[in-house]
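The values are calculated or read from the model by the stated rules, or taken from the named source; none is laboratory data. On a predicted model such as this, the values are computed, not experimentally measured, just so you know. Reconstructed Cβ throughout: ideal geometry from the backbone, glycine too, with neighbour counts over all protein chains shown. For accessibility, only protein heavy atoms count, side chains too; no ligands or nucleic acids. Shrake-Rupley method; radii C 1.70, N 1.55, O 1.52, S 1.80 Å.
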Amino acid sequence: MYKRQGLFRLDPDGTVSNLTADFGQVAVRDPEISFDGIHVLFSMKIGALGKWQIYEMAVDGSEVRQITDNNANNWDAAYLSDGRLVYLSDALDLIARRNDNLPAGHLSEGRVHIMNADGSNSQAINFNPNGSFNPILSQSGQIIFTQWDLRDLRAR
């Protein structure tokens, strides 16, 4: 059975709308509603070989704009209170792979980045080589995320 994929909105009357139908074959993940409830950030990959990129649109499906546009995978974006965005990217792994500084067979991992809302001035703020997950803004204004650590700290 064919499963529909995309970003969907469920209205109070039970109507379901596919907000990404115009993009064709897509996969969508990580929707995040803006503080004012007017926009939604999400990660979308177009086609089987596409890279995950960050998009924003109004919750009615209008005003679609692509925020990131590069060879890296960029996903799991969230709004910050100062207007910037926090997100995950495997861009540092791409640089390491180009410079032969990444072990063969190593899967790309996400690292926490921040950028302006228009996609400019992207900066990595976490350099853990084992990956980070789910960055969010806490109520106190701090960025919180999960970090994978492969060091085995059990007593030997």
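For the reader, a short list of remarks on this structure follows.
- Summed side-chain charge close to Ala78 - residues other than Ala78 whose Cβ falls under 14 Å, Lys, Arg +1, Asp, Glu -1: -3
- Sorting Asp22, Asp11, Asp69 by accessible area puts them as Asp22, Asp69, Asp11; the probe is 1.4 Å, largest comes first, and only protein heavy atoms count.
- With bins 5 Å wide beginning at 0, the percent of Cα pairs of region 15-97 falling in each bin runs 3, 14, 24, 26, 17, 10, 4, 1, 0, 0.
- Between Asp36 and Phe8, the contour length at 0.36 nm per residue exceeds the alpha carbon distance by 8.2 nm.
- Where a label projected 7 Å from the Cα of Ile125 along Cα→Cβ would reach, residues of region 64-89 with amide N under 16 Å: 75-89
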